[in-house]
Amino acid sequence: MTPLVSIIMGSTSDLPIMQKAASRLDALGIPFEMLALSAHRTPQEVETFARGAKERGVKVIIAAAGMAAHLCGVIASMTSLPVIGVPINASLDGMDALLAIVQMPPGIPVATVGINAAENAALLAVQMMATSDEALYLKLEQYKESLKDKVVKANAELAQVRFEHKTN
């Protein structure tokens, strides 16, 4: 299988968060790869990865970054593929990473999801790819429909909760 999405993290300490992206991609049947690459410790490997991703069939890159949070922007500076940044709550409640990723200079965009929001990064990657893949679009529609079902079920369960002054 050729990976369509690359999940990149600065170190495996980000794995508990990034597994959420992997799980969502896996559930949707999207081939992906996971790599640990550091903008500071392995800059040559980052460059080799970023410059070669398109030729390997990658469509979207999801990059996690905490603390200094340079990985997402460094990758985006070396490829024209879409890069989605996941700020990791490694320090300062993740606000340092969020601000570092979202404040990219003109010409080097990085789409950014919420702090630790790896599952949303995976869904955004799928949405990007689904613009030119009808089967994938339908899979995404089915997934989103299942979200509605969860809320309907939750309301049915809440209807069974009893309080003296509860009206519904």
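Any read-out appearing in this document is the output of simple, stated calculations on the displayed coordinates, not a laboratory observation. None of these values were measured; they are calculated from a predicted model. Cβ atoms come from the backbone with ideal geometry, glycine included; neighbour counts cover every protein chain shown.
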#### Entry: Residue among L147, L138, L37 with the largest mean-square fluctuation in a Gaussian network model of the chain, springs linking Cα atoms under 10 Å
L147
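So how strong a dipole does the chain carry about its Cα centre when Lys and Arg Cβ are +1 and Asp and Glu Cβ are -1, to the nearest 20 debye?
Rounded to the nearest 20 debye, it is 180 debye.
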### Message
For a quick check: with amide H placed at 1.01 Å from N, whose amide H comes under 5 Å from A64's, ignoring anything fewer than 5 positions away on the same chain?
### Response
I8, M9, G10, V86
## Note on the structure
Whole-Å distance linking the alpha carbon centroid of the range 14-55 with that of the range 119-168 is 26
### Task
Could you pull out every residue, at least 5 positions away or on a different chain, whose amide H is within less than 5 Å of the one on T112? Hs are placed 1.01 Å off N in the peptide plane, and Pro or chain starts have none.
G85
### Task
Rounded to the nearest 10 degrees, what's the angle between the helix 118-130 long axis and the longest principal axis of the chain, both from Cα atoms, 0 to 90?
80
### Task
Compute the long axis of helix 134-159 from its Cα atoms, compare it with the longest principal axis of the Cα atoms of the chain, and write down the angle in degrees, 0 to 90, nearest 10.
40
### Message
Treating only the Cα positions of the chain as identical point scatterers, give the base-10 log of I(q)/I(0) from the Debye formula at each q in 0.19, 0.20 Å⁻¹.
### Response
-1.15, -1.25
### Summary
PRE zone check, label point 7 Å out along Cα-to-Cβ of S80, amide N under 18 Å, scope the range 95-123, hits 106-111
### Query
So what are the range 58-130's ellipsoid semi-axes, whole angstrom, largest first, if each one is the square root of 5 times an eigenvalue of the alpha-carbon gyration tensor?
19, 15, 8
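Within the range 99-168, report the trypsin sites (Lys or Arg not before Pro) that DSSP leaves as loop and that have at most 16 other Cβ atoms within 10 Å.
Working: sites: K139, K144, K148, K150, K153, R162, K166; in loops: R162, K166.
Filter output for the range 99-168: R162, K166.
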### Summary
Note on the range 22-72: the mean projected area of its alpha-carbon convex hull, in nm², is 3.9
## Note on the structure
Least to most buried among T112, T2, T79, by other C-beta atoms within 10 Å and fewest first, runs T2, T79, T112
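Say R0 is 22 Å: what FRET efficiency, to the nearest 0.05, do L15 and Q127 get from their beta-carbon distance? Working shown, then result.
Details: r = 24 Å, r/R0 = 1.09.
Efficiency, rounded to the nearest 0.05: 0.40.
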